[in-house]
Amino acid sequence: MRDLRTFLQKFTQNCQNVYEPGEDSELLLECALREVRRNDTVLEVGGGSGYVSYFIMDKCRFLVATDINPFAVKCMKSFGIECIRTDLANGIRARFTLVLFNPPYLELQNFEKRGEWIERAIDGGKSGAEMTVRFLREIGDNLDKDGRIIFVASSLNLKSVCREMERLGFRFKIMAKKKLFFEELYGIKATLELG
């Protein structure tokens, strides 16, 4: 049985220089648990701590995660999660029925950037949407015919993310919301008509 206490104990022991699960991670997990099916093949892009993968890996047929941070890859492997070190899903040729992503969605100012691995987990680039837009443009190659994407967006960048989804031909809906002090987070489910 997987439980939060065990996860947090192992995270504290094995996962330095890795983004600690927060409200955004909880929102993605909540949506993923509602969506995941026994026969799903799941790709979690930018899995970080492995928080989401850890709690859904026994609820699907197959799961693999990616992260660019070598410390995150090591962390996820300590939880028994199959993980590949790569940028987004670069180099992965397989198609998946469910793709999950908790993108970085803040725009860090130059004075905030120190070149640390943890920055990659929070810096979404210009307007905080750059990484999400890049993901949406690239992930079609990894999406099964009837595949679904679930990802997190912020009220700080929701308009530009929605514009990009419409431009790329995604159908999407908000599955869940979480109000924070200075923003609202959205769990978004999207599907793509593949030609």
Between residue 20 and residue 182, how many nm apart are label points set 7 Å from Cα along the C-beta direction?
-> 1.8 nm
Once the other residues with Cβ under 14 Å from the Cβ of residue 180 are scored (Lys, Arg +1; Asp, Glu -1), what is the net sum?
-> -2
Return the sequence-ordered ³J(HN,Hα) values of the range 86-94 in whole Hz as given by the Karplus equation 6.51 cos²θ - 1.76 cosθ + 1.60 applied to θ = phi - 60°, using x for Gly and Pro.
-> 6, 8, 6, 10, 4, x, 8, 9, 6
Sorted largest first, the Cα spans of the range 4-192 on the principal axes come out in Å as 45, 43, 32
A correct fewest-to-most ranking of 154, 53 by other Cβ atoms within 10 Å would be 154, 53
Here, trypsin sites (Lys or Arg not before Pro) of the range 1-40 satisfying both criteria (DSSP loop; at most 14 other Cβ within 10 Å) are 2, 37, 38
Scanning the chain, every Cys lacking a C-beta partner under 4.7 angstrom -> 31, 60, 83, 162
Longest the chain segment clear of chymotrypsin sites (Phe, Trp or Tyr not before Pro) sitting in DSSP loops (not H, G, I, E or B) with at most 10 other Cβ atoms within 10 Å runs 1-180
Residues with amide H under 5 Å of residue 180's amide H, sequence separation 5 or more or different chain, H placed in the peptide plane at 1.01 Å from N; which?
-> 185
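No value in this document is a laboratory result; all are computed from the given coordinates. Model, not experiment: these values are computed from the prediction. Neighbour counts run over all protein chains shown; Cβ positions are idealised from the backbone, glycine included.
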